[in-house]
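Written out below as structure tokens is the structure these notes cover.
Every read-out reported here was derived from the displayed coordinates using simple, explicitly stated rules and does not represent laboratory data. Small disclaimer: the values here were computed from a predicted structure and weren't measured. We place every Cβ from the backbone using ideal geometry, glycine too, and count neighbours over all the protein chains shown.
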Amino acid sequence: MSKKSALVTGASRGIGRGIAIELAKAGYRVAINYAGNLDAANEALGLVKAAGGDGFIVQGDVAVAEDRVRLLSETLKNFGRLDLLVNNAGVGPKVRADLLEAAEDSFDRLFSINLKGPYFLTQMVAKQFLKQSLDTSGFRGRIVNITSISAYTASINRGDYCMVKAGLTMMTKLFAERLANDAINVYEVRPGVIATDMTGGVKEKYDKLIIHDERGITPIRRWGKPEDVALAVRAIAEDRFPFTTGSAFDVDGGFHLHRL
């Protein structure tokens, strides 16, 4: 595993950072993508190295075509090969607005960063994978899309976010079908309510729903942690699911269960 390499988008903080650290523990070299927070990216790189891995940081906004090209070219320059792409970068709406009041600029921002960016980055990386020889596990590469329970759970005050996550679910299926015969597997990891900067503003709401309500919205009565999601990605990176593609792995404390 020591020679395998990964590109993790949005890896300076939160879930992305957790994934980068866990991949480092598995012996991966990690390209840590960040959009604007250089200090956080350097901190993430330090944690990757402390976990026994190696890597570098690379700035780029996945919504920008030139930045996507740089992400891949810098990864290949540093590692010579890419084995795993983790599409993690994403943003939430700046204002949670009712569906009937939602603004077009928020819609455009979320679709550009959360869906268009990963779609075309995956397209570019898939073409690179097709040029590569098979690794020792028989793969040319692997792709993991980090989505959300919002892919199937309606939140009427952030419809744009729900729609882009649903789009990533379909994107997973599309690329899985296209690339299956080329020794490239594609997976979706679907987090539930995870304690990150993004969810910090709704902590009181979800403390009540998860912990303090009589039943709670999840059978496992706690917040998820970035490392919970990271462990699922690591299992994929270690080729624990070679006969699986296009599938979603729920990391949500059981939120997806239909309960009476």
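Annotations for the structure displayed:
- For the chain, the longest principal axis of the Cα atoms and the long axis of helix 38-50 meet at an angle of about 60 degrees.
- Residues considered: Gly138, Gly53, Gly224. Largest GNM mean-square fluctuation over the chain, using C-alpha springs under 10 Å, is found at Gly138.
- Ordered by the number of other Cβ atoms lying within 10 Å of each residue's own Cβ, fewest first, Arg190, Arg215 fall into the sequence Arg215, Arg190.
- Least to most buried among Asp54, Asp213 (fewest other Cβ within 10 Å first): Asp213, Asp54
- Contact order normalised by residue count of the chain, Cα under 8 Å, 6+ apart, percent: 19
- Applying the Karplus relation 6.51 cos²θ - 1.76 cosθ + 1.60 with θ = phi - 60° to the stretch 70-76 yields 3J(HN,Hα) values of 5, 4, 6, 5, 5, 5, 5 Hz, where x marks Gly and Pro.
- Note on Asp61, Asp105, Asp250: ascending count of other Cβ atoms within 10 Å places them as Asp105, Asp250, Asp61, the fewest first.
- Calculated mean residue ellipticity, 222 nm, the chain: -12000 deg cm²/dmol, from DSSP H runs (n ≥ 4) at -39500 (n - 2.57) each, averaged per residue and rounded to 500.
- For the stretch 5-248: lysine pairs under 20 Å (alpha-carbon distance), excluding those fewer than 8 apart on one chain: 18
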